Amino acid sequence: MNIENIHQLLGLSNTDAQLADAIQAHGGSVAALSPKTLSAEGSDFVHLEAKDVSLTFVPRAAFELKRGEPRGRGPYIFAGAFFCPAGDDHVDGYAGIAPFGHSAVTTRESALRVYGEPQRSMEDEAVFEWDQWTFDGRQVRTYYRDGALVDHISVSVPMMKR
């Protein structure tokens, strides 16, 4: 599975072989999850450093409460993926195809070209902070640095409407 399609596994758990195998194929391991961190902070990450992608997991009960019934049966549910094209001092940045896209997304202009008109946006004093879309029941957000450069793209199972 190409990393830009990892969102297809959202809702699976740390004990599901399909998810564990996909993570391992990209240089990570579900064994990196810390029950202590998950309990204390409510989430933990598997970092795929070679890809500049991080996967977030939450305890099953928290996922059920906020996002509905998970697809997997294990204790920790894959709830979101973060693609970081901007990089930082320690990483080059994600350079692959954007999730649900056909090319890379590195600026707000390229996000609008790839994803179309956002369903929601947050703008503060004429500077865009983020844009949001929904594709195949998944929430996609692009978060910006200085209103233009994509800091990261998140793909997640949306919160349930109450």
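What the table shows:
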| quantity | calculated |
| --- | --- |
| In region 48-71, the residues that are assigned to a loop (DSSP other than H, G, I, E, B) and open to solvent by less than 50 Å² (accessible area, probe 1.4 Å) | ASP52, GLY68, PRO70 |
| Scope region 87-106; condition closer than 20 Å to SER29 by Cβ and surrounded by 18 or more Cβ atoms within 10 Å (Cβ to Cβ); matching residues | TYR94 |
| Top-ranked residue in region 6-27 [being within 19 Å of VAL140 (Cβ to Cβ) and of a type outside the set (Gly, Ala, Ser); ranked as most open to solvent (accessible area, probe 1.4 Å)] | GLN8 |
| Criterion (within 24 Å of VAL150 (Cα to Cα) and touching a Pro at 6+ places or on another chain (Cβ under 8 Å)) met by exactly one of PHE83, PHE63, PHE45 | PHE83 |
| Residues of region 107-152 satisfying the condition of being within 30 Å of GLU69 (Cα to Cα), open to solvent by 80 Å² or more (accessible area, probe 1.4 Å) and in contact (Cβ under 8 Å) with a residue 24 or more places away in the chain | ASP136 |
| Matching option when the condition is modelled with pLDDT of 95 or more and farther than 22 Å from GLY137 by Cβ, among VAL30, VAL58, VAL114, VAL91 | VAL30 |
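Residue-wise test of (1) part of a helix (DSSP H, G or I); (2) of a type outside the set (Gly, Ala, Ser); (3) crowded, with 17+ Cβ neighbours inside 10 Å.
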position: GLU4; (1), (2), (3): yes, yes, yes
position: VAL46; (1), (2), (3): no, yes, yes
position: ARG73; (1), (2), (3): no, yes, no
position: GLY80; (1), (2), (3): no, no, yes
position: PRO85; (1), (2), (3): no, yes, yes
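The values are calculated or read from the model by the stated rules, or taken from the named source; none is laboratory data. Quick caveat: nothing in here was measured; it's all calculated off a predicted structure. Reconstructed Cβ throughout: ideal geometry from the backbone, glycine too, with neighbour counts over all protein chains shown. Surface accessibility is based on the protein's heavy atoms, side chains included, excluding ligands, DNA and RNA. Shrake-Rupley method; radii C 1.70, N 1.55, O 1.52, S 1.80 Å.
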